[in-house]
Amino acid sequence: MKLAIFDFDGTLADTYPVFADSVNVLAVRHGFRCVTQEQQGRLRGMSVAEIMRELELPLWKVPAVLADFRKVMHQRIDEIRPFSDMIDVLGQMLQAGIRLALATSNSTANVKAVLGEALVSRFVALECDSTVFGKAHRLRRILKVTRTDEAEAIYIGDEIRDAEAAAKAGVTFGAVAWGYTHLDALLKMNPGQVFRSPGDMLRLGRTTHHRVTP
């Protein structure tokens, strides 16, 4: 595997607590349904389309909600950290000769604030501010810019839409166990790789492209 493309929220950075804390504020502001803590847990097993139906959130409102959430994150950026060991793991992946890239709905400013500009500068491609269903296009653009064959790339993420984007772009999907979406829901998407801790990603530098049994 020569290129590892990452999602950001819930994959590299632990942004879920800020999201959970702000979702009902956004709901009131943008006119979609508020949720209880119990309902939030149920949403973590759903796709984006299912979540939108559950929240009674029409597609045309999503760009404004996403933009607003980016602003909330920017205001509370000091509360957001990379997942434990993540920075060290990314450094080891670089040392192993794996190129890193990013495809996210979040902003470049938020990504740099959390991961640090020094690390982000070592990524070969950054595709930020993606639309909710626009990640496949971003993945294809990364492959083109980096001149990477589909078979030599993996998209690592924590949501069902990440799996769908990887399939559309023709790259392997790597599911993480620590993000927004419950792992059992991600396993239904038949990921090519399953990572139960950040350290598991180091095997990409040691193995050839193959399917791992969860």
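The Rg/Rh ratio for segment 123-210, using Cα coordinates for both the radius of gyration and the Kirkwood hydrodynamic radius, is 0.94.
Volume per residue of the convex hull around the Cα atoms, evaluated for segment 83-147, comes out as 86 Å³. What is the distance in Å between the Cα centres of segment 150-170 and segment 21-55? Here the two parts' Cα centres lie 24 Å apart.
Note on Lys144: lysines with a C-alpha under 24 Å away, same-chain residues under 8 apart excluded, are Lys2, Lys112, Lys135, Lys168. Computed over segment 16-79, the quotient of the alpha carbon radius of gyration and 2.2 N^0.38 Å is 1.07.
Using C-alpha pairs below 8 Å separated by at least 6 residues, the relative contact order for segment 16-79 is 40 percent. Per the Cα gyration tensor, the chain maps to an equivalent ellipsoid with semi-axes of 27, 18, 16 Å, ordered largest to smallest. Per-residue ellipticity at 222 nm, computed for the chain from helices alone with -39500 (n - 2.57) per DSSP H run of at least four residues, works out to -12500 deg cm²/dmol.
For segment 1-127, the relative contact order comes to 39 percent (Cα pairs under 8 Å, sequence separation of at least 6). By the Stokes-Einstein formula, at 0.890 mPa s and 25 °C, segment 18-134 with its Kirkwood radius over alpha-carbon pairs has D equal to 154 µm²/s.
Laboratory data are not the source of any read-out in this text; all were calculated from the coordinates shown. Note that this is a predicted model, so its numbers are computed, not measured.
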